[in-house]
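Input: a single structure, listed below in structure tokens.
The values are calculated or read from the model by the stated rules, or taken from the named source; none is laboratory data. These figures come from a predicted structure and were not determined experimentally. A quick note on method: Cβ atoms are made from the backbone with ideal geometry, for glycine too, and the neighbour counts reach across all protein chains shown.
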Amino acid sequence: MKMTTISHLRAKKQQQSKFASITAYDASFARLFEQEGIQVMLVGDSLGMTMQGHGSTLPVTVDNIVYHTQCVRRGAPTCLLLADLPFMSYATPAQTFESAATLMRAGANMVKLEGGSWLAETVKGLTERAVPVCGHLGLTPQSVNIFGGYKVQGRDEDSAEQLLRDALALERAGAQLLVLECIPVALAQRVTQALVIPTIGIGAGNVTDGQILVMQDALGITGQGTPKFAKNFLAQGGDIRSAVSGFIHDVEQGLFPGPEHSFQ
């Protein structure tokens with residue numbers, strides 16, 4: 001099996017061919033996901049909530065991400081593997097470069113960071129140093145205390161325009177992917193059409209180039225408070241492999257997310 005690269009995802013965008021991605025935290029699930037056809041995986045700081053039991057992503061450290069990145073890379077050697085730069089691990093240029101290098105050495109192909117145009121110089125610096133970057137706009141969970149909770153972003157015209165400006169600034173700085181989380185479908189469509197780079201949605205409708213779900217959400221084992229944008233594919237699939245296969249199929253066919261999983 002050939003290694004999945006950013007070139008593959010750019011080609012998919014040009015062909016208007018959607019792709020599915022998912023979070024992964026260990027070798028066993030990563031192997032199963034890759035065998036079923038998931039080509040893009042994220043070691044997300046969501047592990048703070050899903051794996052460690054915290055109430056937010058803020059306690060997650062670079063060392064935590066490194067450990068899980070190493071595990072996932074062993075299980076899925078050919079996937080395009082993204083790894084989150086956790087809270088306050090990219091506060092200064094020197095800290096950013098060291099954190100990113102540590103994640104790349106652990107097996108990541110790309111690092112993901114949360115924030116808008118204020119990160120342009122950071123993104124530029126990383127790409128100049130051969131570290132591919134995925135941006136993340138909309139609901140950025142590391143900013144939960146600024147937002148006052150996990151709320152849909154970009155609903156008024158001013159904030160929507162700012163998000164679009166941020167997306168374009170990140171692309172100009174060298175970002176090669178962009179995650180859009182919990183924004184209205186119309187805004188996600190504007191951003192996706194404005195960018196050359198692929199977008200990956202989570203709670204952004206079916207108009208983005210790719211979709212990502214936290215694996216626990218996709219398998220219906222989140223517990224209480226399942227987010228609106230999630231779907232339990234295990235309930236309809238019967239077993240984990242069928243659930244993953246169903247997730248991929250529904251994303252590729254534009255069936256997921258449906259209106260009931262999206263924000264207007």
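Computed values, structure above
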| read-out | value |
| --- | --- |
| Scope segment 28-43; condition in contact with a helix residue (DSSP H, G or I) (Cβ under 6 Å, 6 or more places away or on another chain) and either acidic (Asp, Glu) or in a loop (DSSP other than H, G, I, E, B) (or both); matching residues | 36, 37 |
| Any hit, segment 59-81, residues being closer than 19 Å to residue 203 by Cβ and either at pLDDT below 95 or crowded, with 20+ Cβ neighbours inside 10 Å (or both) | no |
| Set 263, 233, 256, 229: member being touching a residue at least 60 places away in the same chain (Cβ under 8 Å) and aromatic (Phe, Trp, Tyr) | 263 |
| Selection within segment 82-98 - surrounded by 22 or more Cβ atoms within 10 Å (Cβ to Cβ) and either part of a helix (DSSP H, G or I) or not hydroxyl-bearing (Ser, Thr, Tyr) (or both) | 82, 83, 84, 85, 86, 96 |
| Residues that are part of a helix (DSSP H, G or I) and either within 15 Å of residue 263 (Cα to Cα) or in contact with a strand residue (DSSP E or B) (Cβ under 6 Å, 6 or more places away or on another chain) (or both), drawn from segment 168-190 | 170, 185, 186, 187, 188, 189, 190 |
| Selection count, segment 124-140, where residues are out of contact with any Lys or Arg (no Cβ under 9 Å at 6 or more places or on another chain), outside any loop (DSSP other than H, G, I, E, B) and either closer than 20 Å to residue 208 by Cβ or of a type outside the set (S, T, N, Q) (or both) | 5 |
| Candidates 114, 121, filtered to the one that is outside any helix (DSSP H, G or I), charged (D, E, K, R) and in contact (Cβ under 8 Å) with a residue 24 or more places away in the chain | 114 |
| Selected residue (only one of 126, 137 is surrounded by 21 or more Cβ atoms within 10 Å (Cβ to Cβ) and closer than 26 Å to residue 70 by Cβ) | 126 |
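This table checks each residue for (1) among the basic types (Lys, Arg); (2) farther than 28 Å from residue 256 by Cα.
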residue	(1), (2)
25	no, no
66	no, yes
70	no, yes
75	no, no
112	yes, no
